[in-house]
Amino acid sequence: AWYVPCLASLETLQELCRKENLRCKSIGITNKSLKSYEVEYLCDYKVEEGTEYYLVKWKGWPESSNTWEPQKNLKCPLLLQNFLNDKEEYLSRVREGKAVKVRNHVKALKPAIADYVVKKAKQRIALQRWKEELNRKKNHKAMILVENTVDLEGPPLDFYYINEYKPAPGINVINGITTGCECTDCPAEKCCPKEAGFILAYNKRKKLKIQPGLPIYECNSFCRCGPDCPNRIVQKGTPYSLCIFRTNNGRGWGVKTLQKIKTNSFVMEYVGEVITSEEAERRGQLYDNQGNTYLFDLDYDSDEFTVDAARYGNVSHFVNHSCDPNLQVFNVFIDNLDLRLPRIALFSTRTIKAGEELTFDYQMKGSVDLTSDSADGLSPSRKRIRTVCKCGAVCCRGYLN
């Protein structure tokens, strides 16, 4: 039978059931729970006859069921604190550059403040759900956090998290290799890198030791070595907990590390849809109207294929450009030795402190056109308007291209 996944959240489905007085055991609406109440967020505030009241949005109930409740009835200290913080945040923004007198005894919130508080509460819930979704879909142990203390922007509406390349029809990103190294203690003389004509990419501390431009050949699924092999790094996924955060200087979302990262350490892989260069050319023209794109040419051996992370990608989708980056691009080969289809790995160029934003240079060899511009040497069909760079580096070139 044909079916499609439901895009509505659990709370939305519960709201529909309660509104229509329906029972659905699979989503938790039974005779017993049909009339259960849990505070989802607080919408407004007022004082009547000396008593403080809050307008409550009940979890799993439509907004038409919101009720005013005295503070003594509310057992949700965190939601109360969020409400007060959001109210103060709005007032502090209004006060900037203005002499605003704040009254100590407010009888009711202004509509603009209440509207902001509700939007902030909905955003907090949406970002929390997005964080949970990202962590369900990732295939590595490290956590992904989401943070927005800048504006009311919520999760991207047309982005789907994937862990590996999503090939377009007719493109095979696994070439079906049937052999691997016979090492019991890698690296040995006949280990994978040497078989390919290159040196092992990692040292004894599992840190990168080769120069940019050289390929990385890791042990594959047919190798005799186990999961602790020192030549299995990229394939294990991101080892660091990362945070997707909203930047405060107009660069949209960015990514920062929550842990210290040492020099020459693997940080993340760049994944997306693998498409032909011809299709990338067509999409590039369409993306121009949006002002950005996420096209990464796989040009290690040829320019036949491109990775497009606009709709499908992982955390790397949100990594911003810098003219003084702390990440470097490397081509990696594991279960596919097709030189036209390397995997793209990002390694640290220096020690990165916890809380520091992760960046790479979009002009790096084999790097990506994440903006609505291209290099001057491209064909006329791909020449685009130059975009101002906002990286803030001392050595900033002024433009992304």
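Remarks
- Length gained when the stretch GLU20-ASP335 is fully extended (0.36 nm per residue, less Cα-Cα span): 108.1 nm
- Under the Karplus curve 6.51 cos²θ - 1.76 cosθ + 1.60, θ = phi - 60°, whole-Hz ³J(HN,Hα) for region 187-193, x wherever Gly or Pro sits: x, 10, 4, 9, 5, 3, x
- Taking Cα atoms only, the orientation of helix 77-95 departs from the longest principal axis of the chain by about 90 degrees.
- Rounded percent of accessible protein surface that carbon and sulfur make up, region 284-332, 1.4 Å probe: 33 percent
- Peptides 312-318, 19-25, 197-203 ordered by average Cβ neighbours within 10 Å, highest first: 312-318, 197-203, 19-25
- Plainly put, region 41-127 has a radius of gyration that is 0.97 times its Kirkwood radius, both from alpha-carbon atoms, as the Rg/Rh ratio.
- Computed [θ] at 222 nm, helices only, for the chain once each DSSP H run of length n ≥ 4 contributes -39500 (n - 2.57): -6000 deg cm²/dmol
- Multiplying the residue separation of ARG124 and SER9 by 0.36 nm and removing their Cα-Cα distance gives an extension gain of 39.9 nm.
- For GLU304 and TYR399, a Förster radius of 22 Å and the Cβ-Cβ distance give a FRET efficiency of 0.20, rounded to the nearest 0.05.
- Ordered from highest to lowest accessible area with the whole protein assembly present and a 1.4 Å probe, LEU152, LEU295 read as LEU152, LEU295.
- Rounded tilt (10° steps) of 111-137 against the dominant C-alpha axis of the chain: 40 degrees
- Average accessible surface area per residue within the chain, 1.4 Å rolling probe, Å²: 55 Å²
- Accessible area of region 41-127 belonging to carbon and sulfur atoms, whole % at 1.4 Å probe: 53 percent
- For the chain, size of Cβ-based charge dipole, Lys and Arg +1, Asp and Glu -1, in debye: 1520 debye
- Nearest-ten-degree value, helix 10-19 long axis tilted from longest Cα axis of the chain: 30 degrees
- Overall form of region 131-248 per C-alpha gyration tensor (a/c, 1.5; a/b vs b/c): prolate
- Percent accessible area from carbon and sulfur atoms, region 241-281, protein chains only, probe 1.4 Å: 43 percent
- Among the listed options (1) 47, 26, 21; (2) 57, 29, 20; (3) 32, 28, 23, the one matching semi-axes √(5λ) of the Cα gyration tensor in Å as calculated from these coordinates is (1).
- Pairwise centroid distance, computed over Cα atoms, of region 214-271 with region 39-70, Å: 45 Å
- Straight-distance crosslink candidates among lysines, where the alpha carbon sits under 17 Å from LYS119 and sequence neighbours closer than 8 are dropped: LYS57, LYS59, LYS87, LYS110
- Cα centroid of region 286-317 to Cα centroid of region 71-93, whole Å: 42 Å
The values are calculated or read from the model by the stated rules, or taken from the named source; none is laboratory data. Everything quoted here is computed from the prediction, not taken from an experiment. Quick reminder, even Gly has a Cβ in these numbers, built from the backbone with ideal geometry, and neighbours come from all protein chains shown. The area values use the complete protein model at the heavy-atom level, side chains included, leaving out ligands, DNA and RNA. Shrake-Rupley method; radii C 1.70, N 1.55, O 1.52, S 1.80 Å.
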